[in-house]
Ligand code: FUB
């Protein structure tokens, strides 16, 4: 189809093509991968880590998009949006973690930004007609802000959105730091359809991610700090949940691990970040991918 032809054409024309092994993107520091597949092309949205070795916090001014036809060679597709797309946000720094989904021909990008007037982090949603954008604010206000969800005393509890649309069309947004929350989304994908629900999840830290395979719902998340990736499964997008184990272990240098799952050409992958790009560290992360095979009973193997 036309998307595949354009991507292949870009690669042939010598657009910036990254190489074939981890770290996936060897030229810049990147974190918090969000991924989806369409028409034989894998799309990877990452936050760019711009902290210097001396910085003691994240410096993230933009999200960047990469695409691949083989999960090995990645084409730089530029900056689909920056936090400044959300006029109600501070807009200068901190393009924190995001997630992306396509619905009714439009691409919805949920992301974490700093609210300009309500202290703390907030979640916005932007929409585009193409994966590469341009993305524009879909609401003109935060979907979630700190005044709506006061379960946690911290200002960054409303971060790390993970979006999921079930086969029956019902969409859900999961998010949180320290406290895991979810809410149903209306079909317009820009409003909640019901209350924000808090889920008790043992040692939950952040980065909830919901995916479904063969009728099993998998809710994976980062737990403890430094973080490891753990998961539960259930018979529905809202549980009840059964703990299944750890998928990836802690990286004590980078401390965070933010992950996502994708299926591409019949194979299963987990994308995440580590510190392996030379000069890397806690605020200078690098996105990586691992291929894995589900166990026969549907469980996910430990990935070294
Ligand atoms: O990149 C900033 C924050 O670090 C993300 O929101 C978390 O998931 C962690 O990766």
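Every number in this text was worked out from the coordinates using simple rules, so none of it is lab data. What you are looking at is a predicted structure, and each value in this text was computed from that prediction instead of being measured. Cβ sites come from the backbone with ideal geometry, for glycine too, and all protein chains shown count toward neighbours.
Answer rounded, prolate or oblate for the stretch 18-91, using the Cα gyration tensor with square roots of eigenvalues a ≥ b ≥ c: rounded when a/c is under 1.5, else prolate when a/b is larger than b/c, else oblate. Please report the intermediate quantities before stating the final value.
Working: a/c = 2.95, a/b = 1.39, b/c = 2.13.
It comes out oblate by the Cα gyration axes.
By how many nm would the segment from residue 276 to residue 224 lengthen if fully extended, with 0.36 nm per residue of separation less the alpha-carbon distance?
16.6 nm
For the chain, what is the mean residue ellipticity at 222 nm derived from helices alone (per DSSP H run of n ≥ 4: -39500 (n - 2.57); sum divided by total residues; nearest 500 deg cm²/dmol)?
-1000 deg cm²/dmol
For the chain, take N as its residue count and report Rg(C-alpha) divided by 2.2 N^0.38 Å. It would help to have the intermediate numbers written out before the result.
Details: Rg = 17.9 Å, N = 304, 2.2 N^0.38 = 19.3 Å.
This ratio for the chain stands at 0.93.
How would you rank 109-115, 124-130, highest first, on the average number of other Cβ atoms within 10 Å across their residues?
109-115, 124-130
Under the rule a/c < 1.5 gives rounded, and otherwise a/b versus b/c splits prolate from oblate, where does the stretch 49-195 land using the Cα gyration tensor?
Oblate, because a/c is 1.5 or more while a/b does not exceed b/c.
By average Cβ neighbour count within 10 Å, what is the ranking of 174-183, 249-258 from highest down?
Working: 174-183: 22.6, 249-258: 18.9.
Going by the mean number of other Cβ atoms within 10 Å, highest first, we get 174-183, 249-258.
Which order do the peptides 239-245, 220-226 take when ranked by the mean count of other beta-carbon atoms within 10 Å per residue, highest first?
Most protected by this proxy first, the peptides run 220-226, 239-245.
What is the Cα convex hull volume of the stretch 159-304 when expressed per residue in Å³? List each step's numbers first, then the result.
Values: hull volume 18.0 nm³, N = 146.
Dividing the Cα hull volume of the stretch 159-304 by its residues yields 123 Å³.
Where a ≥ b ≥ c are the square roots of the eigenvalues of the C-alpha gyration tensor, would you call the stretch 74-135 rounded, which needs a/c under 1.5, or, failing that, prolate if a/b is larger than b/c, or oblate?
Since a/c reaches 1.5 and a/b is larger than b/c, the shape of the stretch 74-135 is classed as prolate.
For 148, 60, which order do you get if you count the other beta carbons within 10 Å of each Cβ and list the fewest first?
Neighbour counts put them in this order, fewest first: 148, 60.
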